[in-house]
1. Residues being within 17 Å of Ile314 (Cβ to Cβ) and among the acidic types (Asp, Glu): count how many of those fall in region 350-365.
2. Out of all the residues in region 416-437, which are surrounded by 10 or more Cβ atoms within 10 Å (Cβ to Cβ) and of a type in the set (A, V, I, L, M, F, W, C)?
3. Between a first residue in region 113-141 that is more than 25 Å from Phe206 (Cα to Cα) and a second residue that is among the basic types (Lys, Arg) and not in a loop (DSSP other than H, G, I, E, B), which pairs have beta carbons less than 7 Å apart while being 6 or more apart in sequence or on different chains?
4. Name the residue that is surrounded by the fewest Cβ atoms within 10 Å (Cβ to Cβ), counting only residues in region 284-316 that are among the hydrophobic types (A, V, I, L, M, F, W, C) and in contact (Cβ under 8 Å) with a residue 40 or more places away in the chain.
5. May I ask you to say which residue of Ala94, Ala106, Ala111 is crowded, with 24+ Cβ neighbours inside 10 Å and under 24 Å from Glu425 (Cα atoms)?
6. Could you check, for region 248-261, whether at least one of its residues is buried (at least 16 other Cβ atoms within 10 Å of the Cβ) and part of a strand (DSSP E or B)?
7. Examine region 181-200 for a residue that is surrounded by 14 or more Cβ atoms within 10 Å (Cβ to Cβ), polar (S, T, N, Q), within 17 Å of Ser69 (Cβ to Cβ) and touching a Lys or Arg at 6+ places or on another chain (Cβ under 6 Å), and state whether such a residue exists.
8. Only one of these conditions is not met by Asp285: (1) modelled with pLDDT of 95 or more; (2) assigned to a loop (DSSP other than H, G, I, E, B). Which number is it?
Amino acid sequence: MRTILLCGHLFTGTDLTAERDQAVVIEGARITHVGPRAALPTPGDGDRVIDHSAHFVMPGLSDAHTHLSYGNARTEEEVDLYPCVEYRAIRALAAAQRMLKAGFTALLDPACAGLVTPSLRDALFVGMFPGPRITTAGQAITSRQGLYDYYPTWIGCPPCSTGRLVRSLPEAIEAIREQTKDTVDFIKIAMDGIQGGNSGGLFAAFTQDETTAMVREAHRLGRRVAVHVRGREGALYAARAGVDILYHASRIDDEGIRAAAGEGCSICPSLMLLVNNIEYAQPDDPSYDWWPNIQRHELAAASNSLRRAYDAGIPFLSGSETGFAVTPYGEFSARELPVMMRYLGITAPEVLRMATHRNRAMLRDGRNYDSLAAGKIADLVVFDGNPLEDIAQLEERERFVEIWMNGSRVDLPDFPAEIPRHPSEASQGMWNRVYTRASTSHRRPENTALPPGIPVQDVPEAIA
């Protein structure tokens, strides 16, 4: 039995336009025909015809930078320490399904705790639960200068962390080999993270020789390499080493751009985290007094550097860095596309092609579902609107009329607006400020032993 979708507009993912009055024919999990309705094969007995002539049909969206294990974290401690890894795996399923319901049928997770996301990838692949296709790294490899070495040196990166601290090149090579055995798709390296005194930027976390050796070993073992890098030096070292994805690359210079173009690197800017924090941070957020301003400077630098990189022909990917409290799952993920249009000057058809086609060149078996064409797996969405005319429509989840994977429509339940939080997900919060005599307008009472009117025998044990 065939399923025939009649499409008002069809965006295949490979072209920059959407054709009117098209049809898609699906048999089993794959597409067998795409073309004008006039060339549609005659429906046979048992064929199912679904009329979406009022809708826009396109490949499912993909996000090349989603952290499914982070749980919409508000602090680094929530990312790494709370709750247990087993709970994070269950929570990651809820995150993945929210992304699917927002139109994302494929995701790349470039860092997680333990094997949370590789395990989720496999569970979804065998059909235990409905969910998007997942490509994933494991723990990010970091040095003492790297991003993921968040905590004091006497703590380092605990086993439950999303980072893996390596103290030498042999230790880094061993980590790459171990992760390869554990079937990760990507090796993630933290290439910078410490402000450099007289260098005027961020120090590279690894030397050129170390970076090149790590990338060479990962590629020898058949694994792609992604790096977190915002600074000039780290971007240059990573590009020279031939990494597959430079995440951010906000301050890449012309030397780094030439190296990235020569080595075939891709760049995933992930600007939305910067923009959301700049626009939405509130005065009672602990980082309000310093972080948004730092990100304003980075956004200004990125707008200039990344546009030069794009004009140099470096392939760009779209990824939202979803997973933090300011970038929650399924809420803003599609906003990365209008953000790239606004700050990098990339057109709507180009960013839509990134999200529906180009990203998939980096995804596990991505060539099998990177467009709507005969022979491809039928992962598609039916959309009420036209994102080529207004890309911001993709942020409205209610516009996704149907989501299809493997040739079948996916039905997901309605979720609460937010993933419910369990008390185990956060450290025990006590106070947001230090209460001094001045800040409390304190006046010394006559008797400070007990509040007036409470006999000693009635005081709870926790207070007495």
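1. Let us first name the residues in region 350-365 that are within 17 Å of Ile314 (Cβ to Cβ), namely 350-351, 353-354, 357-359, 361-362.
After this cut, where a residue has to be among the acidic types (Asp, Glu) as well, the list is 350.
Looking only at that region, the number is 1.
2. Residues satisfying the conditions are Ile419, Ala426.
3. Between residues of region 113-141 that are more than 25 Å from Phe206 (Cα to Cα) and residues that are among the basic types (Lys, Arg) and not in a loop (DSSP other than H, G, I, E, B), the close pairs are Val116/Arg88; Ile134/Arg121.
4. Among residues in region 284-316 that are among the hydrophobic types (A, V, I, L, M, F, W, C) and in contact (Cβ under 8 Å) with a residue 40 or more places away in the chain, the one surrounded by the fewest Cβ atoms within 10 Å (Cβ to Cβ) is Ala312.
5. Numbers: Ala94 fails: crowded, with 24+ Cβ neighbours inside 10 Å; Ala106 fails: under 24 Å from Glu425 (Cα atoms).
The unique qualifying residue is Ala111.
6. yes
7. Initial filter on region 181-200 (surrounded by 14 or more Cβ atoms within 10 Å (Cβ to Cβ)): 183-194, 196.
Adding the requirement that they be polar (S, T, N, Q) leaves 183.
With within 17 Å of Ser69 (Cβ to Cβ) added as a condition, the list becomes 183.
Checking the rest, the ones that are also touching a Lys or Arg at 6+ places or on another chain (Cβ under 6 Å) come to none.
No, region 181-200 has no match at all.
8. So the condition that Asp285 fails would be (1).
The values are calculated or read from the model by the stated rules, or taken from the named source; none is laboratory data. Predicted, not measured: the structure shown is a model, and the values here were computed from it. Don't worry about glycine lacking a Cβ; one is built from the backbone with ideal geometry, like all the others, and counts go over all protein chains shown.
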